[in-house]
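This report concerns only the one structure given below.
Values in this text are rule-based calculations from the coordinates and carry no lab data. Remember, it's a predicted structure, so these values are computed and weren't measured experimentally. Glycine gets a Cβ as well: all are built from the backbone with ideal geometry, and neighbour counts include every protein chain shown.
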Amino acid sequence: MPQYVSSAAITCMAISCFAGAAIPVGLFLFFRRKMKAETLPFFVGCAIFIIFVGLESILVNLLLSSPVGSVITASTALMALLGGLLPGLFEETGRLVAYRTVLKNKLDNDANALMYGAGHGGVEALAILMVSMLYNLAFAITINRGGIDTLTAGLTGTELAQLEAQLSVLTTTPAWHFLLGIVERIFAVAAHLGFSVMVWFGVKQRKASLYLLAVALHAVMDAVTVVMTQAGLSPIAEEIIVGVMAAGVVVLGHRVWQQYAAKA
């Protein structure tokens, strides 16, 4: 295994780390200044994401650690069902709950739907991009300073194998691959904005079908992602497919906006 992480790879990690913070901050400023959205929906979106994804994670861990866990993990179809349906249900229900409770007095400003989506998707970008890249950067710097022995000291068996696999990824992955996370998060946040609009107008127009549409589309997107990962598709192919799905969600969200914004 190479004992060095290239400066290009470290630079790309740093760029992705910065993007993890820039995406939510940039969206917040844009919707606040250009569309006159309020501040509260952004932070409600952040909080609801953390709460409902936390609940989802607890349920997933319970299922996977139960007697049926081995059956689920052995089946791509079941993993796709679990990895698609649960995020769709939990996250879209989180939006529904937020709009009907904390944000029920903010529904007169439709730009708040986008601000909520910026918080919901933005905090996910922060967690996935910024935190993970900070972790990678710390490992990369340690490796380049000759600290691999320090990292592996005292580890044996499975733990050592897992750490060595992580280190191998950092030292052998092409630098530009570390930028793909930015593309993936842009697509994901765009989809979150679309879902937020659908559920928003579902609440305002009392149309459960829009909430169910968001759940279904979210579930399909995440399920397809699980299948692609299990199938070992190339990162580029995955991002193209995710991008197409996200674009479809944005188009549908825009149509919902056009249809109901004037009537809300």
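Computed over segment 1-56, the range of Cα coordinates on each principal axis works out to 49, 33, 9 Å, biggest value leading. Loop-resident GluC sites (Glu not before Pro) (DSSP state other than H, G, I, E or B) in segment 1-91 with no more than 16 further Cβ atoms inside 10 Å of their Cβ: GLU38.
I'd like the Kirkwood hydrodynamic radius of segment 59-161, using the inverse of the mean 1/r over distinct C-alpha pairs, in Å.
18.0 Å is the Kirkwood radius here.
Under the rule of -39500 (n - 2.57) per DSSP H run of 4 or more residues, summed and divided by the residues of the chain, what mean residue ellipticity at 222 nm is obtained, to the nearest 500 deg cm²/dmol? Can you show the working numbers first?
Values: 11 runs with 207 residues, N = 264.
Estimated from H runs of four or more residues: -26500 deg cm²/dmol.
Here LYS106 is the anchor, and the aspartates and glutamates within straight C-alpha reach of less than 16 Å, apart from those fewer than 8 places off in the same chain, are GLU38. Once each of the trypsin sites (Lys or Arg not before Pro) sitting in a DSSP loop with at most 16 other beta-carbon atoms within 10 Å is removed, the chain keeps 37-103 as its longest stretch.
Build a GNM of the chain with springs between Cα atoms under 10 Å apart, and of LEU179, LEU64, LEU213 the one that fluctuates most is LEU64.
Let's test the formula: R0 of 30 Å, r as the Cβ-Cβ distance of GLU159 and SER66. What FRET efficiency results, to the nearest 0.05?
0.75
Using equal-weight Cα scatterers in the Debye expression, the normalised intensity of segment 129-225 in log10 at q = 0.11, 0.14 Å⁻¹ is -0.56, -0.71.
List the relative contact order of the chain as a percent without decimals, with contacts defined as Cα pairs under 8 Å and 6+ residues apart. Computed value for the chain: 33 percent relative contact order. Within segment 7-260, all pairs of alpha-carbon atoms sorted by distance into 10 Å bins from zero give the percentages 7, 26, 33, 23, 9, 2, 0.
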